[in-house]
Structure formats: structure tokens, C-alpha cells
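Contents: one structure, followed by commentary.
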Amino acid sequence: MTETGTQTTNRTEEIRRLQNCINDLVSLLALPAIWTGREPSEIVTILLDALSGLLRLEFIYARLEDSGAPFEAVRAAGQQADLQPAEIGRRLAGWLDPGADASSRLVPDPFGNGELTIASCRLGLEKGAGIIVAVSGLKREQESLWSARGDRVFPTRPIPCS
């Protein structure tokens, strides 16, 4: 293939990737409209579905604590796909800082060998409504999932678009 052909292919791939990213962003922007009139557990389930489709994660876990009985949900890939939300919550409990607004850290893999990066974010105005935890097999030194600035959480790397 010629240099011009390679550049055209690269440009085409980049355009396709950017179009997918725009589609993903539009999907995220539509979430509040979809959530209207829904129960908190339904909102969290929809959010986990959206985030698991956007990010390359081992799993994403959420726990709601402020509405009576705790509600837990998980979206997982790989070996964790068959684990129940309560089991994942128990295995992650030692690494979740209840006082932190948002954090990202490298931890021993609670499901096997090696290390995982976990990024957690407290939910609710008073940070007591629950927590969302994203878990990636990527090392923190390679890529971090989220960066906390005040009470907001931002992606610190390009989100891999589908």
C-alpha cells in the first residue's frame, strides 16, 4: 500500500472512531431524559448499562444505600460475569473509602492474581446515597479511569468508543 493509501485508511479509521465517540456522547446526554420518572434502582441499572458499553472494564458495580434495603447491581465481563452483585460488593469492600468523594487506585485483584485499577465515586448530594465502582485490568501507571476535581469526576483518558 502506498503512503497516500495508508494515510487515507488512517483518516477513515479516525473519522469512524470520532463518529462513534460522538454517538456515545449523545447517548450519555440522553440519559437524564430516559431517567425521568424512574426509581433510583432503575436509574442506576440504566447508567451501568451505558457505562459498561462505553468503557473497557472488567466490571462496573453500584450500590444504593439511602432507599430502605440496599440495592446492588453489576455489569461484568470475563471471569466475574457469573458473580452476584453482593459477592462483588463484599470483595471490593476493603478498598472502598467511605469518606472519599472520588478516587482511583491500584489494588490486588480480589478475584485472582495480579492487580486491577478501581475508580469509585460516591452518589448523591450528601455523598451517602451509594457508590459506583469501575474496575479495569489496565494498570494505573498506563491509564487512569477517572480524575477527581472537587465533587466532579472526569475521564482522564480518551474513552474507547465502540
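Remark: pairs (first residue in region 14-33, over 11 Å from Ala50 (Cα atoms); second residue open to solvent by 80 Å² or more (accessible area, probe 1.4 Å); Cβ separation under 6 Å; 6+ apart in sequence or on different chains) = Asn20/Ser162.
Regarding Ala69, is this residue out of contact with any helix residue (DSSP H, G or I) (no Cβ under 8 Å at 6 or more places or on another chain), free of Cβ contacts under 8 Å to residues at least 24 places away in the same chain and open to solvent by less than 50 Å² (accessible area, probe 1.4 Å)? No, not satisfied. Figure legend. Inter-residue proximity from region 104-121: first residues free of Cβ contacts under 8 Å to residues at least 24 places away in the same chain and within 14 Å of Ala134 (Cα to Cα), second residues in a strand (DSSP E or B) and open to solvent by 20 Å² or more (accessible area, probe 1.4 Å), beta-carbon distance below 8 Å, spacing 6+ or different chains. Indicated pairs: Val107/Glu115; Asp109/Glu115.
In region 8-17, the condition of being within 23 Å of Gly124 (Cα to Cα) and part of a helix (DSSP H, G or I) is met by no residue. Among the residues of region 110-132, those that are surrounded by 15 or more Cβ atoms within 10 Å (Cβ to Cβ) and in a loop (DSSP other than H, G, I, E, B) comprise Pro110, Phe111, Lys127, Ala129. Across region 34-87, the number of residues qualifying as more than 10 Å from the chain's Cα centre (by Cα), part of a helix (DSSP H, G or I), charged (D, E, K, R) and under 24 Å from Asn23 (Cβ atoms) comes to 1. Only a single criterion out of (1) more than 22 Å from Gly130 (Cα to Cα); (2) open to solvent by less than 70 Å² (accessible area, probe 1.4 Å) is not satisfied by Arg17, namely (2).
Residues satisfying the criterion are absent from region 73-84 (criterion: more than 19 Å from Ala134 (Cα to Cα) and surrounded by 12 or more Cβ atoms within 10 Å (Cβ to Cβ)).
The values are calculated or read from the model by the stated rules, or taken from the named source; none is laboratory data. All values derive from a computational prediction rather than experimental measurement. As a convention, Cβ positions derive from the backbone with ideal geometry for all residues, glycine included, and neighbour counts pool all protein chains shown. To get the accessible areas, we keep the full protein, side chains included, count just its heavy atoms, and leave off ligands, DNA and RNA. Shrake-Rupley method; radii C 1.70, N 1.55, O 1.52, S 1.80 Å.
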